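Here's the structure we're looking at; comments come further down.
The values are calculated or read from the model by the stated rules, or taken from the named source; none is laboratory data. Every value quoted in this text rests on a predicted model; they were computed, and no experiment measured them. Don't worry about glycine lacking a Cβ; one is built from the backbone with ideal geometry, like all the others, and counts go over all protein chains shown.
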Amino acid sequence: MEENNALKSIEANCISWYDFKENAKILAIGEDWRKIAKDSWTIIDENAQNLTEKFDYILVKDKIGNLKIAKQYLKPDGTILLFMNNRFGIANFAGADDFRSICEENSELLSKSEIEHFLKKEGFSNYKFFYPLPQYDIVNVLFSDDYLPEYHHSKLMNRNLYDENAMLVFDELKALKQITKSGEFKSFANSYLIEINPKTKIQFASFNHARKKEFRLCTKVYQDYVVKESTNPESQKHIENMKKNIQDLKEHGFEILDREENGKIISPYIAKPNFYQVILETIHNGKIEEAYELIEKWFAFIKTNFAKDCEKSDNLSIVKCGYIDLVFENTFLIEGKFVFFDQEWMTEDLPVEFILYRAINNIYVYDPETERKIPKNEFLKKFHLFEYLGLFEKIESEIQKNIMDDFVMKIYQDSARLIKDIKDLKQARNLKDDELRDKIKLLEIEEKKKEEYIQQLTKEKGDLEAKAKLLETEEIKKEKYIEQLTKEKGELSSKERRKAHYIEQLTAEKEDQMNNFKKVDAQKDEIIQHLNEIIKVKDHQIEVYENMKAVKLVKKLRGNKN
């Protein structure tokens, strides 16, 4: 039962955003409308012919031919709401169930130009196109001719749902982003809602049907203001909580655009890029340092306003009331001042640094291409957040678990697996292509090496032949040289014998000289000994003489004394 209610609420988004006038009479053509119709509606099939009254609004789905029936029952100033899938919707090119419509004519699937041609043919000249994403039966966001998305609009990234017949070949969201960038969003939108004789002043609407029932809201953008309102009685309390958040943030010094009025959140419409779009554009223009500086100023402002309520824990600043929606996409930079809006959530005892992490992480959620400009981990390291990544991911997971509807999330997860399968198949194919290219490249390299090797062998062969001739010449020289050596050896033998005899003669003469030297040395020793004896005698004579001289001197001295 709960699952049926969840699906019904999603399907009802296609019309629940619309501002019908009070007490309006509404006619819906087609039995499919019964799933989401209100009790006051009148529902008929295309064969009904028994109506006598006229209606303020008539709803037509898929079958454009039913406009002829609608004309019969429409008041002169009435409005028709026509819901049509686009024959050339990007989902069909990606491989959704209706992909055959691209190349086969189908009266129930038309392109935008074909729809306009039919309208003019039937006399409808006053109309306005809306562009529901991902498509009209599961609307999560609705753009219009007065409010078209830029390629970096965060609401552009709305994951589609695919059935089991889908044969997806690429990621629809990535393609839609590039299509929007090239200015072709209108032509490739998956669905259209055409308001014939338009009345509504709404330019843009968004839902959050993946949330639990008590948190589901609808945001409507008008020309001068924005309204956020509950989509069911249970979610009215969420509006009251937002009112408290606004008041508390203002008391902390934040300028908040929103105000609560008659059970709704009202804010002025600011026709300029929000801070997320400013940061993203700065990054994609290659001005990374400038983006860092803007973020540092933004975060310094937030930390300053929460400074009185913060306590330090493991180098993190824990604030009692943490507002997780103080992120880039909910910020405007107006005349140098940071202004905030859309503050839905408050989490107690939250690290202020988590708010910065969430803002940075959202960049990569809404625009995965940013990873090419600056890797997410590098971004986190710049602001000293990477070391807390595990903690922050756990906090975000718990927050989402409390907010999101399990059944709806399962639907999207099942559909997302198809996208993963595409990526896996593409990766596998790319790997095979890469392997084949690598093998071809290796073969080319080996072939080149083979040619170079053959050239080298040819060169070496020539060198070897030249060396062989040289060796033959050297061999002849060697033989002549051996003959010469043999001859010289004989001559050397004769010389050796003469040399040996001469050495013997010299040795004998040397021994005779040594004997003579020994005799001379003996004679020398005798002469030296004799001279030593003579010296001793002379020394004795000198000593006697000196003594006699001393005696005479003493006597002379004594004689003088007397």
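Name the residue, out of E122, E108, E104, that is within 41 Å of the chain's Cα centre (by Cα) and at pLDDT below 95.
Checking each option against the conditions leaves just E104.
Taking the stated definitions as given, is E451 at pLDDT below 75 and under 60 Å from the mean Cα position of the chain (by Cα)? It is true that E451 is at pLDDT below 75 and under 60 Å from the mean Cα position of the chain (by Cα). Taking the range 400-409 as the range and being over 24 Å from the mean Cα position of the chain (by Cα) and either exposed (fewer than 15 other Cβ atoms within 10 Å of the Cβ) or assigned to a helix (DSSP H, G or I) (or both) as the test, the residues that pass are K401, N402, I403, D406, F407, V408, M409.
Residue under question is K264, and the condition is that it be more than 17 Å from H152 (Cβ to Cβ), without any contact (Cβ under 8 Å) to a residue 40 or more places away in the chain, surrounded by 15 or more Cβ atoms within 10 Å (Cβ to Cβ) and not assigned by TED's automatic domain parsing to the domain that holds I202; does it hold? Against the criterion (more than 17 Å from H152 (Cβ to Cβ), without any contact (Cβ under 8 Å) to a residue 40 or more places away in the chain, surrounded by 15 or more Cβ atoms within 10 Å (Cβ to Cβ) and not assigned by TED's automatic domain parsing to the domain that holds I202), K264 qualifies.
State whether the residues of the range 225-233 include one that is touching a strand residue (DSSP E or B) at 6+ places or on another chain (Cβ under 8 Å), under 19 Å from I36 (Cα atoms) and assigned by TED's automatic domain parsing to the domain that holds W345. Checked against the condition, which is being touching a strand residue (DSSP E or B) at 6+ places or on another chain (Cβ under 8 Å), under 19 Å from I36 (Cα atoms) and assigned by TED's automatic domain parsing to the domain that holds W345, the range 225-233 yields at least one hit.
Rundown of residues vs (1) free of Cβ contacts under 8 Å to residues at least 12 places away in the same chain; (2) crowded, with 17+ Cβ neighbours inside 10 Å; (3) over 22 Å from Y366 (Cβ atoms), yes/no style:
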| residue | (1), (2), (3) |
| --- | --- |
| G286 | no, no, no |
| A291 | no, yes, no |
| I302 | no, yes, no |
| N305 | no, yes, yes |
| I318 | no, yes, yes |
| F332 | no, yes, no |
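Strands (runs of 3 or more DSSP E) fully within the range 293-351 that include at least 3 residues being within 27 Å of the chain's Cα centre (by Cα): 331-334.
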